[in-house]
Amino acid sequence: MVIAYLMKELGLPMLDALTFVRKRRPIVYPNPGFQRQLFEYEKHLRANNEKTMNEYQDKKRKRIIEQQKFAKEDQERSERKKKALESFDLGATLHRSSAERHSSEYRKH
């Protein structure tokens, strides 16, 4: 059971886990039936690990796409805001120029 634990928690292949345990307890020798089960368990762990990695990579790709989409939307909003402010400033400048012209004409009279 320690071998299975090492396989799952440390991600060790079955033979590496067995070697690790045997270095500490040379008497350990799982019977052939249990060894076959451990090899099957290793296949199961690898399949789950690949599935988990694929799911993680898919989620990561989606997150990156969403971040790019939000960044683009933010940039577009900033550009629209900048244009709106520029047109507002232009309108205010035109209004001031007009008012200044009128007041200077009024002062002349």
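Listed from fewest to most Cβ neighbours within 10 Å, the set Leu10, Leu15 follows the order Leu10, Leu15.
Panel order for Met7, Met1, by other beta carbons found within 10 Å of each beta carbon, from fewest to most: Met1, Met7. Calculate the FRET efficiency for Arg46 and Val2 from the Cβ-Cβ distance with a Förster distance of 25 Å, rounded to the nearest 0.05. For Arg46 and Val2, the calculated efficiency is 0.80. If R0 equals 41 Å, the separation of the Cβ atoms of Val28 and Arg61 corresponds to a calculated FRET efficiency of about 0.40. Note on Lys83: lysines with a C-alpha under 24 Å away, same-chain residues under 8 apart excluded, are Lys69, Lys72. Neighbour counting of Cβ atoms within 10 Å sorts the residues Phe20, Phe70, fewest neighbours leading, into Phe70, Phe20.
For Lys51, the lysines whose Cα comes closer than 20 Å to its Cα, not counting residues fewer than 8 places off in the same chain, are Lys8, Lys43, Lys59, Lys60, Lys62.
Values quoted throughout were computed directly from the atomic coordinates according to the rules given, and no laboratory measurement underlies them. Treat the numbers as computed from the prediction; the structure is a model and nothing was measured. No Cβ is skipped: glycine too gets one built from the backbone with ideal geometry, and neighbour counts run over all protein chains shown.
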